Amino acid sequence: MSIFKNFLKYKKGFSGEFDVHPLEKPLMHDKVYEYHHKKAVLENEMLYDTETAKRIFADESSLEYISFGVSTQRVYFLTPNRHWFSAEERIETESGITDVGECRIQVTKTIFVYSNLRIEKTHRVKDLIGKNNYELYKKYFGEVEEA
């Protein structure tokens, strides 16, 4: 037993346990994802919905950092009826630490907000995927002849 503990042991009101500084408590991590989907009836009078369509890829060249923890990019979707469309995806990340009993919990919340939907021509999607991801191109458009 250290001299300090021994001294405090006999001090009136000492419970036998030291208060732990919050930064000494174990840090647990939790991630939360929140989606704000968008539905729109576009030029061909069909409903396009980011929730029911499959998100296929993001156009990395459209990535913009708005501020710390906030970015936007154009993402491409394929509907169950095989129609291509894109949406602007805004991604916001916020984080905070809460002291909970014996530990601290760091919660990182990522919010995805979809907007500005537009119909995409198949040849444009082929061009984008073909230049950036051959495996994805094969999956949706088939094999191509080598040059």
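Rule-based calculations on the coordinates, nothing more; no lab input. Remember, predicted model here, so these are calculated numbers, not experimental data. Glycine also receives a Cβ, built like all others from the backbone with ideal geometry; neighbour counts cover every protein chain displayed.
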Report summary line: Taking the square root of 5λ for each eigenvalue of the C-alpha gyration tensor of the stretch 31-105, the equivalent ellipsoid has semi-axes, largest first and in whole angstrom, of 32, 16, 10
Query raised in the report: Using modelled amide H (1.01 Å from N, peptide plane; none on Pro or chain starts), what sits under 5 Å from the amide H of PHE57, excluding residues fewer than 5 places away?
Result: TYR76
Report summary line: Sorted by chain and number, the residues with a modelled amide H under 5 Å from that of LEU42, at a separation of 5 or more or across chains, are TYR48
Query raised in the report: Among all the aspartates and glutamates, which ones have a C-alpha under 20 Å from LYS138's C-alpha, if same-chain residues fewer than 8 places away are not counted?
Result: ASP59, GLU60, GLU120, ASP127, GLU146
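As an exercise, use a Förster radius of 35 Å and the Cβ-Cβ distance of LYS139 and TYR35 to find the FRET efficiency, rounded to the nearest 0.05.
Details: r = 24 Å, r/R0 = 0.68.
In this case the efficiency is close to 0.90.
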**Report entry** For the stretch 54-147, radius of gyration divided by Kirkwood radius, i.e. Rg to Rh on alpha-carbons
**Finding:** 1.15
Query - Distant-in-sequence amide H partners of GLU120 (H built 1.01 Å from N, under 5 Å) - result: TRP84, PHE85, SER86
